[in-house]
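Undergrad: Please see the structure below; I have some questions.
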Amino acid sequence: MTADVKVAAGAGETAIVGGTGLTELEGLAVVQELAIDTPWGEPSGPVVRGDFRGHPVLFLARHGHPHHIPPHQVNYRANLWALREAGAARVIGVNAVGGITSAMGPARIAVPHQVIDYTWGRGHTYFEQVGDALLEGVTHIDFTFPYDESLRQALLAAAARRQVMAVDYGVYGATQGPRLESAAEVTRLERDGCDLVGMTGMPEAALAAELGLPYACLALSVNWAAGKSDHIITMEEIGQALAEGMSGVKAILEEVIPALKAS
Ligand code: HPA
């Protein structure tokens, strides 16, 4: 079913933004597909409202379904706006990343606690004028802690209950893409304090914060970042780590969604 909605009933569901390797959520029974128009343009696709193993959830494929929108062309503003319009109470972003520091090897899952934004030229704020509309309200949100701590803890507790190893920290360095980094760029990221590098973590986290939506990132390392192994990065290697690690990501989501509903 496809519905053109302006504002759907705010049911307070958890929203999942699926990244590479998660363009659809297995086990999600689609109740409604919401084609939501936003002042910021079109989201990556319809927001799927569904039932995930007995629990209501919202799902949006960040890169479209099938995967066709590169990281620098994702309309992050429209995506987060649409999820809020659909009634999201919180957002979990699932992101494929490269591992920089020793705990973050391929197929490892991490729940980052900080982010550094190296992206540019993306629609990264709601606090700018659209057409003739004047800006209203706060323009400088606090972003000291970019990820919602209780959502992070809920993800880590869900991982523990399912016996999925998940690293409970990580500084996420968000790069522009779509190319991967040079070895020197990764050395610089490491010097800056980054544990992980990915192309989609920002501006998503900041936009969620601007909308007042609790947000956390579930990162799956799919390769050692450039220069951190003895070989160059191949799509085969990424595919393998995705296949290996995605079952853990799905187990965590399965576990966390009912827990969040109850909280
Ligand atoms: N760099 C940036 N983004 C990524 C990587 C990487 O090595 N792997 C997966 N997404």
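Undergrad: How many residues are in contact with a helix residue (DSSP H, G or I) (Cβ under 7 Å, 6 or more places away or on another chain) and part of a strand (DSSP E or B) when one looks only at the stretch 20-76?
TA: 9
Undergrad: Hey, ALA29 hits all of (1) in contact with a strand residue (DSSP E or B) (Cβ under 9 Å, 6 or more places away or on another chain); (2) within 16 Å of the ligand (Cβ to nearest atom) but one; which does it fall short on?
TA: It fails just one condition, (2).
Undergrad: Which residue is surrounded by the fewest Cβ atoms within 10 Å (Cβ to Cβ), if the candidates are limited to the stretch 193-203 and must be within 14 Å of the ligand (Cβ to nearest atom) and within 19 Å of HIS63 (Cβ to Cβ)?
TA: It comes out as MET202.
Undergrad: What number of residues within the stretch 118-164 satisfy the criterion of being farther than 21 Å from ASN79 by Cβ, surrounded by 14 or more Cβ atoms within 10 Å (Cβ to Cβ) and among the β-branched types (Val, Ile, Thr)?
TA: Adding up the residues that qualify gives 1.
Undergrad: Looking at the stretch 208-240 only, could you name the residues that are among the acidic types (Asp, Glu) and either within 11 Å of the ligand (Cβ to nearest atom) or assigned to a strand (DSSP E or B) (or both)?
TA: Of everything in the stretch 208-240, just one residue is among the acidic types (Asp, Glu) and either within 11 Å of the ligand (Cβ to nearest atom) or assigned to a strand (DSSP E or B) (or both), namely GLU237.
Undergrad: Another question, if that's okay. Could you say which residue among ASP117, ASP51 is of a type in the set (D, E, K, R) and away from the ligand (no atom under 16 Å from the Cβ)?
TA: ASP51
Undergrad: Could you tell me whether any residue of the stretch 219-231 is surrounded by 14 or more Cβ atoms within 10 Å (Cβ to Cβ) and free of Cβ contacts under 8 Å to residues at least 40 places away in the same chain?
TA: Yes: the stretch 219-231 contains one or more residues that are surrounded by 14 or more Cβ atoms within 10 Å (Cβ to Cβ) and free of Cβ contacts under 8 Å to residues at least 40 places away in the same chain.
Undergrad: Mind checking which residues of the stretch 79-117 are surrounded by fewer than 18 Cβ atoms within 10 Å (Cβ to Cβ) and of a type in the set (Phe, Trp, Tyr)?
TA: Answer for the stretch 79-117, where residues must be surrounded by fewer than 18 Cβ atoms within 10 Å (Cβ to Cβ) and of a type in the set (Phe, Trp, Tyr): there is none.
Undergrad: Do you know which residues across the stretch 82-106 are outside any strand (DSSP E or B), within 27 Å of THR14 (Cβ to Cβ) and more than 12 Å from the ligand (Cβ to nearest atom)?
TA: ALA82, LEU83, ARG84, GLU85, ALA86, GLY87, ALA103
Undergrad: Scanning for something over 20 Å from the mean Cα position of the chain (by Cα) and either open to solvent by less than 20 Å² (accessible area, probe 1.4 Å) or more than 16 Å from the ligand (Cβ to nearest atom) (or both), does the stretch 173-181 turn up at least one residue?
TA: No, every residue in the stretch 173-181 fails to be over 20 Å from the mean Cα position of the chain (by Cα) and either open to solvent by less than 20 Å² (accessible area, probe 1.4 Å) or more than 16 Å from the ligand (Cβ to nearest atom) (or both).
Undergrad: Can I ask one more? Which pairs do you get when a residue that is on the phi < 0 side of the Ramachandran plot, found in the stretch 246-257, comes within reach of a residue that is open to solvent by less than 10 Å² (accessible area, probe 1.4 Å) and small (Gly, Ala, Ser), reach meaning Cβ atoms under 6 angstrom, with the pair 6+ apart or on two chains?
TA: Within 6 Å, the pairs are ILE252/ALA158; ILE252/ALA159; GLU255/ALA158; VAL256/ALA158.
Undergrad: Before we move on, is HIS68 modelled with pLDDT under 95 and touching a Pro at 6+ places or on another chain (Cβ under 7 Å)?
TA: Criteria not met by HIS68.
The values are calculated or read from the model by the stated rules, or taken from the named source; none is laboratory data. All figures in this text were calculated on a predicted structure; none of them were measured in a lab. Here the Cβ is made from the backbone with ideal geometry for all residues, glycine too, and neighbour counts use every protein chain on show. Heads up: the accessible areas ignore ligands, DNA and RNA and are worked out on the full protein's heavy atoms, side chains in. Shrake-Rupley method; radii C 1.70, N 1.55, O 1.52, S 1.80 Å.
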